[in-house]
1. Based on this model, can you work out whether Leu40 counts as open to solvent by 90 Å² or more (accessible area, probe 1.4 Å), in a loop (DSSP other than H, G, I, E, B), of a type outside the set (Asp, Glu) and at negative phi?
2. Checking the conditions here, which among Gly80, Gly60, Gly46 is open to solvent by less than 40 Å² (accessible area, probe 1.4 Å) and either of a type outside the set (D, E, K, R) or modelled with pLDDT under 90 (or both)?
3. Of everything in region 6-28 that's open to solvent by less than 40 Å² (accessible area, probe 1.4 Å) and within 13 Å of the chain's Cα centre (by Cα), which residue is farthest from Gly71 (Cα to Cα)?
4. Report yes if Cys73 is touching a residue at least 40 places away in the same chain (Cβ under 8 Å), not aromatic (Phe, Trp, Tyr) and not in a loop (DSSP other than H, G, I, E, B), otherwise no.
Amino acid sequence: MYTRLWNLITKHMDESHAVSLFLPVMIVGWTVFGVAAGLLVCTVTGTSIMHALADLICAGGYAGLVLGLLGGCFFLYRRGL
């Protein structure tokens, strides 16, 4: 997934500017995925979304930071950028 997104971004711009777009897209993408997964769990278990809202936002934020930012940084580090 990281490679496909990187290839898509670098197809439209050079690598020096692609990093500025790659990391925010990864952070936002993983944050949205984390919140959506939490909403799915809430609907399956029947938990009220309003009662679990703080947990949903926290889980989405951690997914964005760990998988998005750190994962994106490790991906760029391995590519030598």
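1. Numbers: open to solvent by 90 Å² or more (accessible area, probe 1.4 Å): yes; in a loop (DSSP other than H, G, I, E, B): no; of a type outside the set (Asp, Glu): yes; at negative phi: yes.
No, not satisfied.
2. Working: Gly80 fails: open to solvent by less than 40 Å² (accessible area, probe 1.4 Å); Gly46 fails: open to solvent by less than 40 Å² (accessible area, probe 1.4 Å).
Criteria check complete, one pass: Gly60.
3. Of everything passing the filter in region 6-28, Phe22 is farthest from Gly71 (Cα to Cα).
4. Numbers: touching a residue at least 40 places away in the same chain (Cβ under 8 Å): yes; not aromatic (Phe, Trp, Tyr): yes; not in a loop (DSSP other than H, G, I, E, B): yes.
Judged against the criteria, Cys73 is a match.
The values are calculated or read from the model by the stated rules, or taken from the named source; none is laboratory data. A quick note: this is a predicted structure, and the numbers were derived from the prediction, not measured. Every residue, glycine as well, gets a Cβ built from its backbone with ideal geometry; the counts of neighbours run over all protein chains shown. Surface accessibility is based on the protein's heavy atoms, side chains included, excluding ligands, DNA and RNA. Shrake-Rupley method; radii C 1.70, N 1.55, O 1.52, S 1.80 Å.
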